[in-house]
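J.: Pasting in a structure now, in structure tokens, and then I'll have a few things to ask.
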Amino acid sequence: MSKNNYYQQVYDVTKKIPLGRISTYGAIANYLELGSARMVGWALNKSFSENGVPAHRVVNRKGELSGRIHFPSPTMMQELLENEGIHVENHKVQFFKDIFWDPAEEL
DNA sequence: GGATTGACGTCTG
DNA sequence: GCAGACGCCAATC
């Protein structure tokens, strides 16, 4: 446990995402200085094997639910986001920039 | 041990 | 403004 690896930090940051907010791969990668957003997505892929990591709150730079296909159900991600009060349409987050949360804030 | 892939992002054409 | 190619770094085959 507590492997200070990059993906472990991704889990931590993702868990810190406030409810009703979302973050992006690039923002997390930039904050963790991982150097590449792909590692974040790849790490989140394994996140399902870990304890509750709200990976559904992490979307790509376009605000698209690009990772929905990796969920147990492709619609589960949208359902979870709408359940948190996030408007999702056509598998894309509405008011994305408005609910966007940057890990540097960590408020 | 080498090659390919991967929940993306940025640059150049 | 849109489309295509490259780059990141690690894991998996």
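Since every read-out is calculated from the coordinates, none of them should be taken as a lab result. Bear in mind that the values here come from a model prediction, so they are computed numbers and not experimental data. With ideal geometry, Cβ positions are generated from the backbone for all residues, glycine too; neighbour counts draw on all protein chains shown.
J.: Residue A:58's amide H: which non-local residues (gap 5+, or another chain) put their own amide H closer than 5 Å, with H modeled 1.01 Å from N in plane and none for Pro or chain starts?
T.: Amide H to amide H, under 5 Å and 5 or more residues apart or across chains, residue A:58 pairs with A:23.
J.: Can you give me the relative contact order of chain A as a percent, contacts being Cα pairs under 8 Å and 6 or more apart? Mind dumping the intermediate values first?
T.: Numbers: 140 pairs, mean separation 34.0, N = 107.
Value for chain A: 32 percent.
J.: Which trypsin sites (Lys or Arg not before Pro) in region A:25-71 pass both tests, a DSSP loop state and at most 13 other beta-carbon atoms within 10 Å?
T.: Values: sites: A:38, A:46, A:57, A:61, A:62, A:68; in loops: A:61, A:62.
Those satisfying the criteria are A:61, A:62.
J.: Taking region A:14-107 as the region of interest, what is the percent of Cα-Cα pairs per 10 angstrom bin, listed from the shortest bin to the one with the maximum distance?
T.: The calculated distribution, bin by bin, is 17, 56, 26, 1.
J.: Sticking with this one: If you put +1 on each Lys and Arg Cβ and -1 on each Asp and Glu Cβ, how big is the dipole of chain A around its Cα centre, in Debye rounded to 20?
T.: Details: 12 positive and 12 negative charges, 61 e Å.
For this selection, approximately 300 debye.
J.: Now for a separate question. Given 0.36 nm per residue, what is the gain on full extension from residue A:95 to residue A:70 after removing their alpha carbon distance, in nm? Please list the in-between numbers first.
T.: Working: separation 25, 0.36 × 25 = 9.00 nm, distance 2.35 nm.
Extra length available between residue A:95 and residue A:70 comes to 6.6 nm.
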